[in-house]
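Below is one structure; the comments refer to it alone.
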Amino acid sequence: MAPPRSPAEWPGLDGAAERRFAVLVIGDAGIEVRASLPGVRFADLGADRLCYAPARAVVAGTAVNLARCATRHFARVGVLAKIGDDDYTPVIRRELRRIGARDHLCVEAGVPNAVSVMLRDGPRCGGPGVRLLVVQDEPPGRRLTAAEVAAASAAIADADVLVADGYSLLSPLSRAALEEAARIAGAAGTRFAFDLVPHDVDARLPASAVLPVLARAGLVFSEAPTLARLLGRPAPTGGDGVRELLPVLDREVPGRPLWLLRFGATSLERVLAHRRGGPPVEYSTGYAEGAERAGFGDRLASCELYWWLSEG
């Protein structure tokens, strides 16, 4: 089903010894303000609070975040996203050039770029803290159209893998664009990988809006609790619970996608890899308490994509 070593062992989280393959990422791109609040717990706040803490503004979004990590593994990386038209537009383009990603951006004239705010508190007893993510409603990415995707068909066909995520399912326009991208990829022989986010997608969309996309994918990344809830099952609490989910996946989703189901104390410590008809393989992601959580999932996804493509 897969190479004998885990992705964290080979090609490794920090990049491949030999960069190969071409990946095109379709998703969000915008500006994000990030801050951590050491010593402050959201649950303890009962009044306004002024905090001096590490804070920065970065070019981010699902497509940019994955592309930034993918450039360490892949020979060619591209980003297909819809962005706004303001002073941040050249900043976003410049960041793609800086990280070495090809720009397949569509600009929506007269609208601002998406802005998000990510705050993480600092619990007293260790752990990653609680993340509060505030995202601009109706960002440009939700208006990416099937016609704009079709205009990038050559880039999709030229890639070894097209990677998309569940945020594109949150509006009818971007959902149609995602379906068109998957159709073009299938016709061109480009593999299709899908990241099942947001992690509360089960509360935002019915399973009927999500399962058809999963059936088209050759690879699906998902936190095991997210997928379980989407299928109307209780969230698994350990490896045995994740294994009990496998026959449900085989029954509910046609085809033979490779499922990479993340689980553990923070749903990031371990992965159970499963494909219909083969034995499941469990591996450690390398994530442990004290590791930098921001961006770890994208580092892991990048090496998992390379690992998957290398199986032939």
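The values are calculated or read from the model by the stated rules, or taken from the named source; none is laboratory data. Treat the numbers as computed from the prediction; the structure is a model and nothing was measured. Cβ atoms come from the backbone with ideal geometry, glycine included; neighbour counts cover every protein chain shown. Just the protein is used for accessible areas: all its heavy atoms, side chains included, with ligands, DNA and RNA removed. Shrake-Rupley method; radii C 1.70, N 1.55, O 1.52, S 1.80 Å.
Condition check ((1) open to solvent by 70 Å² or more (accessible area, probe 1.4 Å); (2) of a type in the set (S, T, Y); (3) farther than 22 Å from E138 by Cβ) across all residues:
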site: R5; (1), (2), (3): yes, no, yes
site: D28; (1), (2), (3): no, no, no
site: V40; (1), (2), (3): no, no, yes
site: G46; (1), (2), (3): yes, no, yes
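Taken over segment 1-40, the residue count meeting the criterion of being of a type in the set (D, E), closer than 27 Å to P128 by Cα, in a loop (DSSP other than H, G, I, E, B) and over 17 Å from the mean Cα position of the chain (by Cα) is 1. Filter segment 265-274 down to residues that are more than 14 Å from L300 (Cα to Cα) and either among the hydroxyl-bearing types (S, T, Y) or modelled with pLDDT under 95 (or both) and give me whichever is least open to solvent (accessible area, probe 1.4 Å). My answer is T266.
Is at least one residue of segment 180-193 open to solvent by 60 Å² or more (accessible area, probe 1.4 Å) and acidic (D, E)? Scanning segment 180-193 turns up no residue that is open to solvent by 60 Å² or more (accessible area, probe 1.4 Å) and acidic (D, E). Checked against (1) touching a Lys or Arg at 6+ places or on another chain (Cβ under 6 Å); (2) closer than 25 Å to L219 by Cβ; (3) at pLDDT 95 or above, C106 passes all but a single condition, namely (2).
Scan segment 31-39 and tell me whether some residue there is in contact with an Asp or Glu (Cβ under 6 Å, 6 or more places away or on another chain) and modelled with pLDDT under 95. Within segment 31-39, one or more residues are in contact with an Asp or Glu (Cβ under 6 Å, 6 or more places away or on another chain) and modelled with pLDDT under 95. Could you list, in sequence order, the residues of segment 160-176 that are of a type in the set (G, A, S) and crowded, with 23+ Cβ neighbours inside 10 Å? Within segment 160-176, A164, G166, S168, S174 meet the criteria. Scanning segment 198-235 for residues that are assigned to a loop (DSSP other than H, G, I, E, B), within 17 Å of L249 (Cα to Cα) and in contact (Cβ under 8 Å) with a residue 12 or more places away in the chain yields a total of 5.
If we keep just the residues of segment 69-123 that are open to solvent by 60 Å² or more (accessible area, probe 1.4 Å) and part of a helix (DSSP H, G or I), which is farthest from A155 (Cα to Cα)? Per the criteria, the residue is P90. Pairs are defined by a Cβ separation below 9 Å, a sequence spacing of at least 6 or placement on different chains, a first member in segment 33-50 that is in contact (Cβ under 8 Å) with a residue 40 or more places away in the chain, and a second member that is assigned to a loop (DSSP other than H, G, I, E, B) and of a type in the set (K, R); the pairs so defined are L37/R49; G39/R124; V40/R49; R41/R124.
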